[in-house]
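The values are calculated or read from the model by the stated rules, or taken from the named source; none is laboratory data. In this text the structure is predicted, and so the values were computed from the model without any measurement. A quick note on method: Cβ atoms are made from the backbone with ideal geometry, for glycine too, and the neighbour counts reach across all protein chains shown.
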Amino acid sequence: MKITSIDLLKGAIYPKNPFKVSFGSHLRSDEVIVKIYDDDGNFGIGEASPTLKIVGESQGSVLDISSKIGSILVGSDLDYTSHIFDQIDSSIVGNSTAKAAFDIAIYDLMGKERKLPISSILGKYREKVESDVTIGIMNTDEAANRSLELVKSGIKTIKLKVGDDIETDVERVKAVRESVGNKAKLFIDANQGWSPKRAVSAIEKFSKFDIEFVEQPTPANDIEGLAFVRKNTNIPIMADESIHSPSDALRAIELGAVDMVNIKLMKCGGIHNALKIATICETAGIPNMVGCMLEGAFGIAAGIHFSLSAKNVFIVDLDSDRDSKNTLTSNGILPFEGCYRHDDGYPGLGNLKLNSEEVELVKSVTVKEGLTSI
C-alpha cells in the first residue's frame, strides 16, 4: 500500500484551568493534526503539540515544516515503514513535534491496515499503566485541596510543579504532603527553574516530604550542572527537557547526570525514536517515565500505546487530555479509570473520532511535486 495524500489541519486545546510552570502560564495549546491516507481507503491521524520554550516550534512552523515532510512522503510504500521513519527524521534538523505527528499517523495507519492496536504492533508488555496527575504552580491552599480531591478520586501519584520562589514552593509541597498523608506518592518538577547550586539547596529542603524524584531542576543545556545536582543530593534526579534524542540520553547517562529519563513523543519525534531512547536507558539501568506536553486525545493515546509496550517505562505522566475542556475528538479519550490508562482494543490509536468542528483544514498534499493549498 502507498500513501496517496496527506491533510494538515489546525486546532487548539484549552485547559480547564490556567496551567502555570516555572517559565510561564498556558491558557491554550495550538495543535496540528496530520491525517495520512493510503490507496486502500484507510487513514491515520497524528498530533503535534508544539511549545516554543521547550522545542522551539509553533503551530505556524509545524504547518510549514509538515508541508515539506508531506511532499516527501506522498507516494511512499507503507511496507517500508523503517525507510519512511528515516525520511521523516532526515527531512530537517529538529522540529520534533512536526515529526512526531507524522510518526504517530503512520503507526495509526499501520494499526488500521493490520486491524491491531498500536500497542499490539509494538508488542504489548502490560495491560494497563498507572498515570500521575500534574498540578501546576498555584497557591498553597489550592494545591492542597486539589491534591486531596485527586486522591479521593483514585489517583495514587501527584506531580507538583515548582521552580518559582523556593520558600513558597516548600510551603506548597509541605501542605500537599500534609493533605494527602501517605496515600499518594509525590514527584516535583522544576522545569529548569534553578541554577545547579540553588537546585541543591532547594532539594535539601524538599527531602523531608518523602519526594520520589526531582524532575529537570536545572537548565536543559547544562548537563554538567545536572550531574552536579545528582552527585550532591539524595533524591533521584530525572531529566526531561535535556533529553530530546537518543544521543542526548546517551550523553546524559555517560556524564552520570540522571537517575531517570522522561521520554516525550513531542520532544523526540515520535514512537520510533522513543523506542531507541528506552532501549539505551534500559541497557544502562536507567528507568523511564513517559510524559506529555498539552496534547489532546491523539497525542496522549500514542503515549499510552508506547507505555503499554515499553518494558523500561516505570512511570507514566499522561494526563493532559483528562484536564482539558476539549481534546479535538468528538467521542472522548482513551480510558482513564481511577489512576489507570489502557488502550480500548480498537485498531491503531483507538476509537477516537476527529471533531470536525474543532479543526480547520489548512493544506492537502496530493502529489510528490507540490501542494494544494486550501
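Residues checked against (1) of a type outside the set (S, T, N, Q); (2) surrounded by fewer than 19 Cβ atoms within 10 Å (Cβ to Cβ); (3) under 19 Å from the mean Cα position of the chain (by Cα); (4) closer than 20 Å to residue 90 by Cα:
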{"position": "21", "(1), (2), (3), (4)": "yes, no, yes, no"}
{"position": "30", "(1), (2), (3), (4)": "yes, yes, yes, no"}
{"position": "34", "(1), (2), (3), (4)": "yes, no, yes, yes"}
{"position": "40", "(1), (2), (3), (4)": "yes, yes, no, no"}
{"position": "45", "(1), (2), (3), (4)": "yes, no, yes, no"}
{"position": "52", "(1), (2), (3), (4)": "yes, yes, yes, no"}
{"position": "65", "(1), (2), (3), (4)": "yes, no, no, yes"}
{"position": "70", "(1), (2), (3), (4)": "yes, no, no, yes"}
Worksheet item: For residue 135, are the conditions met, namely being of a type in the set (Val, Ile, Thr), in the same structural domain as residue 298 (by TED's automatic domain parsing) and within 22 Å of the chain's Cα centre (by Cα)?
Response: yes
Item to complete: For residue 43, indicate whether it is of a type in the set (A, V, I, L, M, F, W, C), in contact with a His (Cβ under 9 Å, 6 or more places away or on another chain), in contact (Cβ under 8 Å) with a residue 24 or more places away in the chain and outside the structural domain of residue 136 (by TED's automatic domain parsing).
Response: no
Worksheet item: Would you pick out the residues in segment 323-362 that are under 16 Å from residue 30 (Cβ atoms) and in a strand (DSSP E or B)?
Response: 324, 359, 360, 361, 362
Practice prompt. Hey, can you tell me all the residues within segment 99-135 that are surrounded by 19 or more Cβ atoms within 10 Å (Cβ to Cβ), over 11 Å from residue 305 (Cβ atoms) and touching a Lys or Arg at 6+ places or on another chain (Cβ under 8 Å)?
Written response: 105, 131, 132, 133, 134, 135
Worksheet entry | Tabulated pairs, segment 51-62, first closer than 19 Å to residue 220 by Cβ, second assigned to a helix (DSSP H, G or I), C-beta under 6 angstrom, 6+ apart or interchain | 55/96; 55/97; 57/97; 58/52
